[in-house]
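Shown next, in structure tokens, is the structure this report addresses.
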Amino acid sequence: ADRGGYVTAEDTPTRGSRMPHLKQLDELCQPTPVADFIRLKRRLATHLIALEEQQFEYEDLDLTLARQITDRLTSLADDAGTFGSADRAWIRGAIDYFLITTDVDNDVISPTGLVDDAHVLNHTLERVGRPELMIEIASQ
């Protein structure tokens, strides 16, 4: 279904070869206490700095998208105390997926390397009831 560039759970099954990044997300979800999100926010900030450094070598790295993903994930981490344990596990999975640069599509060397991360984020945002934070993703 066309939702103006947004991808929703209806469009993205969590299993199967069509969306392997969502299968990897499923594998990364794990119970996470609220206190752990302080450390995860630091890791997000450090990861963004590392991506900014990589952009000097890889000009196609989409830093705008990286910053949007970091911003949304940090917002979720800030609000971790308002989510139940199942939603925190999904948020943790999305954060860990973003922190892995060699996921389904290499974040650094591929011009579309962060698109799968944005799809994972949007899927997670819908699952945890925060669709207003979804990122518009250009059609591939």
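Summary of values
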| quantity | calculated |
| --- | --- |
| Residues of segment 81-115 classified as modelled with pLDDT under 90 and more than 15 Å from His47 (Cα to Cα), total | 6 |
| Residues that are exposed (fewer than 12 other Cβ atoms within 10 Å of the Cβ) and assigned to a helix (DSSP H, G or I), drawn from segment 51-81 | Glu53, Thr64, Gly81 |
| Pick from segment 37-49, criterion more than 12 Å from the chain's Cα centre (by Cα) and surrounded by 14 or more Cβ atoms within 10 Å (Cβ to Cβ), ranking: nearest to Thr101 (Cα to Cα) | His47 |
| Those residues of segment 111-125 which are open to solvent by less than 20 Å² (accessible area, probe 1.4 Å) and under 15 Å from Tyr58 (Cα atoms), in sequence order | Gly113, Leu114 |
| Conditions (1) without any contact (Cβ under 8 Å) to a residue 60 or more places away in the chain; (2) within 18 Å of Pro20 (Cα to Cα); (3) surrounded by 14 or more Cβ atoms within 10 Å (Cβ to Cβ); number of the one not met by Thr102 | (3) |
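The values are calculated or read from the model by the stated rules, or taken from the named source; none is laboratory data. Keep in mind that what you see is a predicted model, and the values were worked out from it rather than measured. Every residue, glycine as well, gets a Cβ built from its backbone with ideal geometry; the counts of neighbours run over all protein chains shown. Side chains included, ligands, DNA and RNA excluded: accessible areas come from the protein's heavy atoms. Shrake-Rupley method; radii C 1.70, N 1.55, O 1.52, S 1.80 Å.
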